[in-house]
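The values are calculated or read from the model by the stated rules, or taken from the named source; none is laboratory data. From a predicted model like this one, the values you see are computed outputs, not experimental measurements. As a convention, Cβ positions derive from the backbone with ideal geometry for all residues, glycine included, and neighbour counts pool all protein chains shown. All accessible areas refer to the heavy atoms of the entire protein, side chains included, with ligands and DNA or RNA removed. Shrake-Rupley method; radii C 1.70, N 1.55, O 1.52, S 1.80 Å.
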Amino acid sequence: MTKIEYIRCKQIITGNPCQEPIDNGCIVHDGHVIHGVGTYSQFKNACSGEVTDLGSVTIVPGLVNAHCHLELSKLKGKTVSGEGFIPWLLSMMAHNYREIDFIAVEQAVIAARDQGVCCYGDIVTPQNGKIIDILTNLGIYHTCFFEAFGFLPAVSQAGIFPHGKTDLGAVAGAGHALHTTHPAMLKEIKRKDSKMGLPFSIHMAEHEDEIGMLMGEKNSFYKLLEQNNLLGQYVPPMKTPIEHGRDLGLLDSTTLAVHCVKVSDKDIETLANTATNVCLCPRSNEFIGVGRAPWEKFLDAGIRVCLGTDSIASNHDLNLWNELSYFLKRIEQSVSISEAISLITLNPARALLMDHKLGSLEKGKIFSYAVMPESIIKGEKL
Ligand SMILES: [Zn+2]
């Protein structure tokens, strides 16, 4: 028989950006699924099971990190910061980044789980299915995106990308970016993801060299790809990444566009009109030195915005609370606490098509929660 239990706390933020926080909150659960959420006074007369009083804390849904590369977990402190994309990339390449330290991956996942992270949108190179096992064994939900890179050979590779459900999520295909991955390959992976009811992820408009290369510049990034035989018969589309992505049919409500730092107002309009999800990685952008995305414009345009840490190779930690704190301290408009929490809960859960299970504290969803640090409430630096 299912054992019903209750937790009680000072406040619940449900993850729904339109819902006010619930004071003196109570969650009814059976250890796996939520049976009810409301005020303690609503449930106290019916309470027949054990009540755990968490005291003076605010509870939010389990956190969802919309964009990460866990396989780079061994690179903490190994890359240069603030010098721009190419110096950062070269410093990463100098550390044999393709050889994965799975112990470092596991430690990173455990540390983030202790901070309340229950789900990832994680970028995985195709030969590294072991990351899925690590996440599954630790009870972490996921969409693991196997990422295509390079301009040759194109479509024939798409067949090697596994797609489908796992015990705690899914494996989907992703493209690295429009200046690094063959357009036919991107279209094929997006088509396959959509056919399987899976999300698609792609880095977009992260840095100037990306924009320049798409506009026909033979810049340092172009030369780096050429030296590594990754260019094939690259033809610059003479469009912005957002325009090119739209014209290839990559933008819609099941696509997660990651970064979107170098975007025009017209690009933002395109992202809004196509209902594309945007994942901002503010600390990664600062770490690498590529600038800051127009966060306020995305919110004003009604775009579903998520926050992601990106990898430890371009961040100080994988702590989503630190990402949110950084964002809230610098954004130049007011954001309610419910809206703020939705950036690391409901919005990424929706973008990863996991919101039937995760992202908000409501009846029928998985019982997973995080405790909001006091510093977020007070606006202090973590
Ligand atoms: Zn990334």
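If each DSSP helix of 4+ residues adds -39,500 (n - 2.57) and the sum is divided by the residues in the chain, what number results at 222 nm, nearest 500 deg cm²/dmol? Intermediate values should be presented prior to the final figure.
Details: 15 runs with 119 residues, N = 382.
Taking each H run of at least 4 residues, the total per residue is -8500 deg cm²/dmol.
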Specify whether the C-alpha gyration tensor of region 65-217 places it in the rounded, prolate or oblate class, a ≥ b ≥ c being the square roots of the eigenvalues: rounded for a/c under 1.5, otherwise prolate if a/b is larger than b/c and oblate if not. oblate
Where both partners of a DSSP beta bridge lie in the chain, what percent of those bridges are antiparallel, to the nearest 5? 35 percent
Order M372, M238 by their accessible area, 1.4 angstrom probe, all chains in place, largest first. M238, M372
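Nearest 5 percent is fine: what portion of the DSSP beta bridges confined to region 11-144 is antiparallel?
Details: 7 of 17 bridges.
Antiparallel: roughly 40 percent of the beta bridges in region 11-144.
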What aspartates and glutamates sit close enough to K10 to cross-link, taking a C-alpha to C-alpha distance under 17 Å and skipping anything fewer than 8 places away on the same chain? E20, D23, D53, E374
How big is the C-alpha Rg of region 63-358 next to the rule-of-thumb value 2.2 N^0.38 Å, as a ratio? 0.91
About its Cα centre, what dipole magnitude does the chain give when the only charges are +1 on Lys and Arg Cβ and -1 on Asp and Glu Cβ, stated in debye to the nearest 20? 420 debye
Using alpha-carbon positions, what is the distance between the centroids of region 31-88 and region 356-378, in Å? 6 Å
As a quick test, which of the pairs K165/K363; K187/K297; K192/K218; K195/K297; K74/K130 have an alpha carbon distance above 25 angstrom in this structure? K187/K297; K192/K218; K195/K297
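Return the FRET efficiency for the residue pair S375, V235: r is the Cβ-Cβ distance, R0 is 51 Å, and the value is rounded to the nearest 0.05.
Numbers: r = 49 Å, r/R0 = 0.97.
The value I calculate is 0.55.
Let me make sure I get this right: for region 251-382, a, b and c are the square roots of the gyration tensor eigenvalues over alpha carbons, sorted descending. Under 1.5 in a/c it's rounded, otherwise prolate if a/b > b/c, else oblate. Which is it? Could the numbers behind the result be given before it?
Values: a/c = 1.56, a/b = 1.09, b/c = 1.43.
Judged from the Cα gyration tensor, region 251-382 comes out oblate (a/c at least 1.5, b/c at or above a/b).
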If amide H atoms are modeled at 1.01 Å from N in the peptide plane, then the residues at a separation of 5 or more from H69, or on another chain, having amide H under 5 Å from its own are I123, S311, I312
